[in-house]
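Trainee: Would you mind keeping the following structure in view while I ask a few things?
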Amino acid sequence: MFEKIETKGITTKKTNLGEWYSEVLTKSEFIDYSDVSGCYILRPAANFVWETIKEATDKEFKKLGIQDVYFPLFIPEKYLKKEEENFEHFKTEVAWVTHGGNSKLDERLAVRPTSETIMYVSYSKWIRSWRDLPLRYNQWNNVVRWEFKHPMPFIRGREFLWNEGHDAFATEEEASAERDNVLGIYQKILKDYLALPYIAGRKSEEEKFAGAVASYSLEMLMPDRFAIQGPAFHYDGTNFAKSFDIKFLDKDEQTKYVYQNTYAISTRVIGIMVANHSDEKGLVIPPKLALIQIVIVPIMGKDDEIVLKKAKELKEKLSNYYRVKLDDRKGYTPGYKFNEWELKGVPIRIEIGPKDIKNNSVVVVRRDNIKKYNIIIDNLSDTIKELINEIHDNLYKKAEQFLNEHITVVLNYDEFKKVLADKLGFIHAPWCGDAKCENSIKEETGAKITNIPFDQSKLNGKCIYCGKDAKYMANFAKSY
C-alpha cells in the first residue's frame, strides 16, 4: 500500500502565512522552485490558470481593437536612458547582459524590466499621421526585475508573466476614455474567473508609476490583512511621446505629440487567488480556472468491473461540458485519492461504488466547503452545473466579506494608529492631498496610500495628520 499523502503536514494558515502558502503551492504540485532565487516553475495546473486568464483577457482586449505584438527581450541601454524618470525607477532592478559568449558587448543590454523604451522607439517610426492612430498594441511576455527581498511565488519574484498594453491616441480625451474600458476588463477577470473582490481607485502622486501622469489600480487584501496591488492602468499623457519623439501630423496640419496609456495584469493575481481561497487541506481553485474541474473516484469492491464501467460512462457524459479526470489507479485507497484531489484543489469530486449504483446515485463533494450530496445519476448534469456556479459565488462572497470586514473608516490619527496596530486591513481616512502628510504617515506607521477610491461619497472631516480640510477619502494600508 502506498504511503498516505502529506496533507496534515501543511502549516496552519493563520499561524504562518508564508510557510503555509509555500507548502500549499509545492505539495499540491502547482509550482516548483528553481535553482535561481525568485524564479519559479509553473507546473501544468498553474500554467493552465495563467493561460485561461490570458485567453479571457485577450479576448476582451480584441473587442476593444487592441492587437497583439511581440518585442525583443533585450533592450539597449541607450533606450532606457531616453526616459530618465522611468529608468531611474527600475535602475536597481535591471538585469544586464554584458557578454555574448567570451566577447564583451559594445553596449549593455537590459533584460526586459518593462517595454516602454524599446516599443516607443518603433512607435516614433510607425506613427506619422492622424491616420495611424489610434495605435493599440499589447504583448504577453515575461519580465525580469532583480532587486528585491524575501521572494514569494507569484507575489514577489525576479521573473513573472504579464500583459503590457501600450496605446497611443491623437487626443487626451480618447486616451482618458480608455481607462474605464481596460479597468473594466480587469475587474471582470478578477470577479468572474478568480473570484476576487477589489477596490478601484487612483494612485497618489507619490505612489503612481514613474513616467505616468496618473495611475489607477485594483487593490486587494491578503489573508494577513496586508494590501496588495492587482492590475493597473496608467495614463502617461505626452511624457513618453516627448522623450521618444512620437509625433504625428494632425487633421489641422499641425504636428502634435500622441497621448499614451499603459496597463497590465500579471501572474501576481494567481498568488492572491491561492492565498485567499485555499485552506489547510491544500489548494482551492475557482472552477473556471481548474485544470481538472471534476474527479471521479470509483469505490472498488467485488463489483469492480460494474463500478468502473459506470464511472467511465459518467466521465464520457460529463466530459462534454467539463474537464474530467477518472482516477481508476490501482493500489491506492479511496481515502488517499480523496486527500490528493483535495490537496490539488479539484472543485468537485464524485464518488461511486456498488451501493451507489444500486441506488442509481453518486456522492458529490464540493472542495470549497467539503459538503457532500447524494445525487440521483439522472440529475447529475444539472446538479453539477448548479454546484459549479455555487462554488464560484461562495468563494467570491467569502473573499468579499473578508475584504469588507477589514475596511475601517477613521477620522483622527490616534484612531488610525490603533486600527493599524490591532486590525490592519484598509484604513479609509480623510486626507488633505499633501504629499508631506502622506510621507509623514508612511514614515511614522509604515502604512502608505494604496489608492484613492473612485467612490468618494464618504468624504468627511479634516485630514487625519495636519487637520486641514480633506480633499479625499484615501485608503491607507501596510502592503506587499
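Trainee: Out of everything in the stretch 345-382 that is charged (D, E, K, R) and touching a residue at least 12 places away in the same chain (Cβ under 8 Å), what residue ends up being farthest from residue 324 (Cα to Cα)?
Mentor: Going through the qualifying residues, I end up with 356.
Trainee: Taking the condition of being modelled with pLDDT under 95 and under 32 Å from the mean Cα position of the chain (by Cα), how many residues in the stretch 461-480 meet it?
Mentor: Qualifying residue count, the stretch 461-480: 1.
Trainee: Here is a further query. Return a yes/no flag: does the stretch 117-126 have any residue that is touching a residue at least 12 places away in the same chain (Cβ under 8 Å), part of a loop (DSSP other than H, G, I, E, B) and in the same structural domain as residue 170 (by TED's automatic domain parsing).
Mentor: So far as the stretch 117-126 goes, no, none of its residues is touching a residue at least 12 places away in the same chain (Cβ under 8 Å), part of a loop (DSSP other than H, G, I, E, B) and in the same structural domain as residue 170 (by TED's automatic domain parsing).
Trainee: Is at least one residue of the stretch 446-460 surrounded by 13 or more Cβ atoms within 10 Å (Cβ to Cβ), in a helix (DSSP H, G or I) and among the hydrophobic types (A, V, I, L, M, F, W, C)?
Mentor: no
Trainee: Could you tell me how many of the residues in the stretch 461-473 are surrounded by 16 or more Cβ atoms within 10 Å (Cβ to Cβ) and not in a loop (DSSP other than H, G, I, E, B)?
Mentor: 2
Trainee: Another question, then. So which of 173, 147 ends up being farther than 21 Å from residue 256 by Cβ and either of a type in the set (Asp, Glu) or out of contact with any Asp or Glu (no Cβ under 9 Å at 6 or more places or on another chain) (or both)?
Mentor: So the residue among 173, 147 that is farther than 21 Å from residue 256 by Cβ and either of a type in the set (Asp, Glu) or out of contact with any Asp or Glu (no Cβ under 9 Å at 6 or more places or on another chain) (or both) is 147.
Trainee: Here's something else I'd like to know. Consider residue 91 carefully, then state whether it is within 19 Å of residue 157 (Cα to Cα) and in a helix (DSSP H, G or I). First the steps, then the outcome.
Mentor: Details: within 19 Å of residue 157 (Cα to Cα): yes; in a helix (DSSP H, G or I): yes.
When the stated conditions are applied, residue 91 passes them.
Trainee: Sticking with this structure for a sec: If you go through the stretch 29-64 one residue at a time, how many are assigned to a helix (DSSP H, G or I), in contact with a helix residue (DSSP H, G or I) (Cβ under 9 Å, 6 or more places away or on another chain) and without any contact (Cβ under 8 Å) to a residue 40 or more places away in the chain?
Mentor: Count: 1.
Trainee: I've got another one for you. Which condition does residue 149 not pass, out of (1) assigned to a strand (DSSP E or B); (2) of a type outside the set (S, T, N, Q); (3) within 21 Å of the chain's Cα centre (by Cα), if it passes all the others?
Mentor: (1)
Trainee: May I ask you to verify whether residue 350 is part of a loop (DSSP other than H, G, I, E, B) and closer than 22 Å to residue 278 by Cβ?
Mentor: Spelling it out, it is not the case that residue 350 is part of a loop (DSSP other than H, G, I, E, B) and closer than 22 Å to residue 278 by Cβ.
Trainee: Could you tell me whether any residue of the stretch 93-113 is outside the structural domain of residue 345 (by TED's automatic domain parsing), loosely packed, with under 13 Cβ neighbours inside 10 Å and touching a residue at least 40 places away in the same chain (Cβ under 8 Å)?
Mentor: no
Trainee: Still on this structure, please answer the following. Select from the stretch 171-207 the residues that are under 30 Å from residue 131 (Cβ atoms), aliphatic (A, V, I, L, M) and crowded, with 21+ Cβ neighbours inside 10 Å and list them in ascending order.
Mentor: Those that are under 30 Å from residue 131 (Cβ atoms), aliphatic (A, V, I, L, M) and crowded, with 21+ Cβ neighbours inside 10 Å: 175, 182, 185.
Trainee: Suppose we keep only residues that are aromatic (Phe, Trp, Tyr), modelled with pLDDT of 95 or more and in contact with a Leu (Cβ under 7 Å, 6 or more places away or on another chain) within the stretch 49-92. Which one would you say is surrounded by the most Cβ atoms within 10 Å (Cβ to Cβ)?
Mentor: Only one residue fits best here, namely 50.
Trainee: While we're looking at this one, here's another question. Which residues, taken from the stretch 1-26, are of a type in the set (A, V, I, L, M, F, W, C), modelled with pLDDT of 80 or more and out of contact with any Ser or Thr (no Cβ under 8 Å at 6 or more places or on another chain)?
Mentor: In the first step, residues of the stretch 1-26 are kept if they are of a type in the set (A, V, I, L, M, F, W, C); the result is 1-2, 5, 10, 17, 20, 24-25.
From what is left, the residues that are modelled with pLDDT of 80 or more are 10, 17, 20, 24-25.
Answer for the stretch 1-26, where residues must be of a type in the set (A, V, I, L, M, F, W, C), modelled with pLDDT of 80 or more and out of contact with any Ser or Thr (no Cβ under 8 Å at 6 or more places or on another chain): 10, 17, 25.
The values are calculated or read from the model by the stated rules, or taken from the named source; none is laboratory data. Bear in mind the structure is a predicted one, so any value in this text is a computation, not a measurement. Glycine also receives a Cβ, built like all others from the backbone with ideal geometry; neighbour counts cover every protein chain displayed.
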